[in-house]
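**Q** Sharing a structure here in structure tokens format.
The values are calculated or read from the model by the stated rules, or taken from the named source; none is laboratory data. Note that the structure is predicted; figures quoted are calculated from it, not measured. Cβ atoms come from the backbone with ideal geometry, glycine included; neighbour counts cover every protein chain shown. Keep in mind that these areas ignore ligands, DNA and RNA; they rest on the heavy atoms of the full protein, side chains included. Shrake-Rupley method; radii C 1.70, N 1.55, O 1.52, S 1.80 Å.
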Amino acid sequence: MSLNKKYTQYLLNILPINNYTLSRKEVSLNISANKIIPIFFFLKYHTNCQYKIISDICAVDYLNKLNRFEVIYNLLSIRFNTRIRIKIIINELQNIDSITNIYKAASWWEREVWDMFGIFFVNHPDLRRILTDYGFEGYPLRKDFPLSGYLEVYYNELKKRVVYEPIHLSQKYRLFEFNSPWNRKTN
């Protein structure tokens, strides 16, 4: 048995993990959203783990699934030169506990996931938009986000703010398709 398999078995015996995958010497753990705080606390401070650095937090949207979002945390242990990936699968109405009390750098990543996907992080100290304008409606990286509309958004230098104006097209009889490109049927 290799060192990674032994280590993975060690984690499986200690942590409440739903399932895991092991590929290319990296461990991926699937956990439930309500166990996030104790598991991340363990992974950061336990002597045999010491995942002190959070590389990033990202999300994936699987539109056709009941639990459509997968939030992925990538951690790094400098001491043991290992990486671990933690995955949490939630639906669009579920919240996730913020891990900013454990990893300060998670604040920025959680704000980005909130802004792009609309996944709410409970107890986050400053959960506000980070990549889009404050008046922006919707979440751009969701698969059901509309790709066409009636408004143009740009920064007006004279007004010193972001301006929303109706789109004026010079072509007459232009055909607009208001269907989502994700719903198109292909042959």
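**Q** Would you check if R142 is touching an Asp or Glu at 6+ places or on another chain (Cβ under 7 Å), outside any loop (DSSP other than H, G, I, E, B) and either modelled with pLDDT under 95 or on the phi < 0 side of the Ramachandran plot (or both)?
**A** Details: touching an Asp or Glu at 6+ places or on another chain (Cβ under 7 Å): yes; outside any loop (DSSP other than H, G, I, E, B): no; either modelled with pLDDT under 95 or on the phi < 0 side of the Ramachandran plot (or both): yes.
Judged against the criteria, R142 is not a match.
**Q** What's the number of the only condition in (1) open to solvent by 70 Å² or more (accessible area, probe 1.4 Å); (2) out of contact with any strand residue (DSSP E or B) (no Cβ under 8 Å at 6 or more places or on another chain); (3) assigned to a helix (DSSP H, G or I) that F80 fails to meet?
**A** (3)
**Q** List the pairs whose first member sits in region 134-161 and is over 26 Å from E92 (Cα atoms) and open to solvent by 100 Å² or more (accessible area, probe 1.4 Å), whose second member is polar (S, T, N, Q) and modelled with pLDDT under 80, and whose Cβ atoms are under 8 Å apart, counting only residues at least 6 apart or on separate chains?
**A** Hits for this filter: zero, empty list.
**Q** Now for a separate question. Counting only residues that are open to solvent by less than 50 Å² (accessible area, probe 1.4 Å) and either in contact (Cβ under 8 Å) with a residue 40 or more places away in the chain or aromatic (F, W, Y) (or both), which one in region 98-112 is farthest from F42 (Cα to Cα)? Full working, then the answer.
**A** Kept after step one, since they are open to solvent by less than 50 Å² (accessible area, probe 1.4 Å), are these residues of region 98-112: 98-100, 102-103, 106-107, 110-111.
Within this subset, residues satisfying the condition of being either in contact (Cβ under 8 Å) with a residue 40 or more places away in the chain or aromatic (F, W, Y) (or both) are 99, 102-103, 106, 110.
Numbers: I99: 12, I102: 10, Y103: 12, A106: 16, E110: 20 Å.
The extreme case among them is E110.
**Q** Let me spell it out: the conditions are (1) surrounded by 17 or more Cβ atoms within 10 Å (Cβ to Cβ); (2) under 25 Å from V122 (Cβ atoms), and K52 meets all of them except one. Which number is the exception?
**A** Here K52 clears every test but (1).
**Q** Name the single residue that is farthest from I96 (Cα to Cα) among those in region 113-130 being surrounded by 12 or more Cβ atoms within 10 Å (Cβ to Cβ) and of a type in the set (A, V, I, L, M).
**A** For region 113-130, the residue satisfying everything is I130.
**Q** Among the residues of region 162-171, how many are open to solvent by 100 Å² or more (accessible area, probe 1.4 Å) and either closer than 18 Å to T132 by Cβ or at pLDDT 80 or above (or both)?
**A** Looking only at region 162-171, we keep the residues that are open to solvent by 100 Å² or more (accessible area, probe 1.4 Å), and these are 168, 170-171.
If we keep only those that are either closer than 18 Å to T132 by Cβ or at pLDDT 80 or above (or both) too, we end up with none.
Looking only at that region, the number is 0.
**Q** Turning to a different aspect of this structure: Among the candidates L75, L66, which residue alone is out of contact with any Asp or Glu (no Cβ under 9 Å at 6 or more places or on another chain), without any contact (Cβ under 8 Å) to a residue 40 or more places away in the chain and surrounded by 14 or more Cβ atoms within 10 Å (Cβ to Cβ)? Spell out the reasoning first.
**A** Working: L66 fails: surrounded by 14 or more Cβ atoms within 10 Å (Cβ to Cβ).
Of the residues listed, the single one that is out of contact with any Asp or Glu (no Cβ under 9 Å at 6 or more places or on another chain), without any contact (Cβ under 8 Å) to a residue 40 or more places away in the chain and surrounded by 14 or more Cβ atoms within 10 Å (Cβ to Cβ) is L75.
**Q** Out of I39, I53, I31, I102, which single residue is of a type outside the set (D, E, K, R) and in contact with a Phe, Trp or Tyr (Cβ under 6 Å, 6 or more places away or on another chain)? Spell out the reasoning first.
**A** Details: I39 fails: in contact with a Phe, Trp or Tyr (Cβ under 6 Å, 6 or more places away or on another chain); I53 fails: in contact with a Phe, Trp or Tyr (Cβ under 6 Å, 6 or more places away or on another chain); I31 fails: in contact with a Phe, Trp or Tyr (Cβ under 6 Å, 6 or more places away or on another chain).
On inspection, the qualifying residue turns out to be I102.
**Q** Restricting to region 24-47, count the residues that are more than 16 Å from I119 (Cβ to Cβ) and open to solvent by less than 70 Å² (accessible area, probe 1.4 Å).
**A** Final tally of qualifying residues: 12.
**Q** Residue pairs, Cβ under 7 Å, 6 or more apart or interchain, first in region 32-49 and closer than 13 Å to I90 by Cα, second β-branched (V, I, T) and modelled with pLDDT of 95 or more. List them.
**A** A33/I88; A33/I90; A33/I96; I36/I88; I36/I96; I36/I99
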